Each structure stands twice: as structure tokens, then as C-alpha cells.
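The values are calculated or read from the model by the stated rules, or taken from the named source; none is laboratory data. Predicted model only: the values in this text are computed from it and were never measured. So basically every Cβ, Gly included, is an ideal-geometry build from the backbone, and we count neighbours across all protein chains shown. Keep in mind that these areas ignore ligands, DNA and RNA; they rest on the heavy atoms of the full protein, side chains included. Shrake-Rupley method; radii C 1.70, N 1.55, O 1.52, S 1.80 Å.
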Amino acid sequence: MNETISTILSRRSIRAYKQEQIKDADLQLILKAGMYAPSAMNQQSWHFTVVQDKDTIQKINQTLRGIFLKSGNKRFEEMAKSDKFNAFYNAPTWIIISGDEKAIAPQCDCTLAMGNLFLAASSIGIGSCWIHALTHLSNSEEGKALMNALGIPQGYKIFTSGVFGYAAVETPTAAPRKENTVTIIN
Ligand SMILES: Cc1cc2nc3c(=O)[nH]c(=O)nc-3n(C[C@H](O)[C@H](O)[C@H](O)COP(=O)(O)O)c2cc1C
């Protein structure tokens, strides 16, 4: 099996991280992989925001907690009531990908870029996990204020975020794949 396929098959979402920060050269490599994702009409409608400052990561976590508490969703509210609320699994790096809302397909562009980030990270021994809650930031005033503070460009929406770092525990095995998800017409 070639290395690319092997990386695709072995990447898993990691939900417990060591505190050791990833190396800057590795971060640059991961970001570069994101920038080489396909994009509609090659618009490259993405913007990558890398957060490694611990206080800023906590601020994002606390803002999410506030949003969850007021969400009206019982499960989210229960999660947010805990003092230990932690949307980022204590990972040292959080990467947010926002996309230009005026682009043709920013959600697709940003999601493909995140896929590349995950695979690039996995190929060099760095774990990752998609963190979806951040996509709701623009629905609230405090979320919008945080987006401004993070320098998300005006007119851009957050489509995905992911955390990155070294796995603290062994990489989990893949869940079984669903059957009958392919139709081949020869
Ligand atoms: C759109 C999307 C949203 C996700 N949101 C979260 C999330 O908020 N928190 C989380 O821990 N994992 C999240 N995940 C990760 C999935 O749970 C994970 O990919 C899935 O269980 C399969 O596991 P694997 O990534 O190890 O193959 C998300 C994945 C996708 C594609």
C-alpha cells in the first residue's frame, strides 16, 4: 500500500493531547497542504487562523461555553454546565478555517482544506480532531466579537475548525465502515 493511502486509512480523530506544542516547521507544512486543496474556480476562498496562545484558546472555549448554555439544546446545556467544559480536548493548537461568503462554494473549499490539514498532520505523527461548535460563532454577538478579536476577515464565515497536537493515548482503531454505500455503473 502506498504511503498516501496508508495515511488516509490510519488517520483517526484524537480527543486527548499532550501539552507539547507542534513544531513550527510542521505547522507550516500542514498549512501548506491546506492551501493546496482544490477549490471552486480556484478561488482559494479560505483563511487560516492558527491559535496557539493558551489564554486565547481558553477565551474561545469560554465563549463557546456561553453559547452552549444559551443554545436551547438540552445536551449542549448539560455539557456547558460543567466547570470542566472543554471543547478542544486540551490540544495545544486550534486552527480555524473561515471562507469568503461571496465565493462560489466556500464551505466546500474550507472543508477540503481541513481534510488536507488532517491528513498532512497524520502523515507526520500529529493528531487532530474537527471541532464543529465554532461554526456557530457568527450566530451570537459575543461570537461575532470573538471573531473580530481573532482577526477573522470581514465577510468571512467560520466553516470548520480543528485541533492539533500529539496524541496522549494510543490512536483509536477505525469504526466499522457502513456497507452498501457504493454504486458502480459499468
Ligand atoms: C462535519 C464534522 C463535524 C465533526 N464535529 C466534531 C466535534 O464537534 N467534536 C468531535 O470530537 N469530533 C467531531 N467530528 C469528528 C467525527 O466524530 C469523526 O470524524 C468520526 O467519528 C469518525 O472518526 P475518525 O475521524 O476517527 O475516523 C466531526 C467530523 C465532521 C466531519
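Looking only at region 40-53, residues that are more than 13 Å from residue 95 (Cα to Cα) and either open to solvent by 50 Å² or more (accessible area, probe 1.4 Å) or not hydroxyl-bearing (Ser, Thr, Tyr) (or both) come to 5 in all.
Restricting attention to region 4-27 and to residues that are of a type in the set (Asp, Glu) and outside any loop (DSSP other than H, G, I, E, B), the residue that is nearest to the ligand (Cβ to nearest atom) turns out to be 26. Residues in region 96-112 that are more than 14 Å from the ligand (Cβ to nearest atom) and either of a type outside the set (D, E, K, R) or open to solvent by 50 Å² or more (accessible area, probe 1.4 Å) (or both): 98, 99, 101, 102, 103, 104, 105, 106.
Considering region 54-87, and only residues there that are among the hydroxyl-bearing types (Ser, Thr, Tyr) and under 23 Å from residue 164 (Cβ atoms), the residue that is least open to solvent (accessible area, probe 1.4 Å) turns out to be 63. Scoring residue 90 on the criteria (1) open to solvent by less than 50 Å² (accessible area, probe 1.4 Å); (2) within 14 Å of the ligand (Cβ to nearest atom); (3) under 22 Å from residue 52 (Cα atoms) leaves a single failure, condition (1).
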